[in-house]
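No value in this document is a laboratory result; all are computed from the given coordinates. All of these numbers come straight from a predicted model, not from anything done at the bench. So basically every Cβ, Gly included, is an ideal-geometry build from the backbone, and we count neighbours across all protein chains shown.
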């Protein structure tokens, strides 16, 4: 995941802050997420968005949080084997430089889920 890679490299980005915001739930879902480097990632994300989007920061923030929650819910309902295959494919995309932001990561995971649906669905 781009956000996790940014975070591990010490890069403060929208994706890395989203990972930090979602860290407690993502850990419950089996992701290896290091301790947060930012004391209030929610506030820092909003500050970054305010610089880039001005008055539109609030709607941008809410949209990103909705995507994060949607991702967490999708992972929670996914079959574990399909999840591992999806993450491996996404990591290959990150390593190859094909993923650049949170939306790219989410699209990649959605593609992987469509190609390998959870068992029982």
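The table below lists the values:
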{"read-out": "Residues residue 63 and residue 12, FRET efficiency given R0 of 25 Å [Cβ-Cβ distance, rounded to 0.05]", "value": "0.80"}
{"read-out": "Approximate spin-label separation residue 70-residue 44, in nm, with each point projected 7 Å along Cα-to-Cβ", "value": "2.6"}
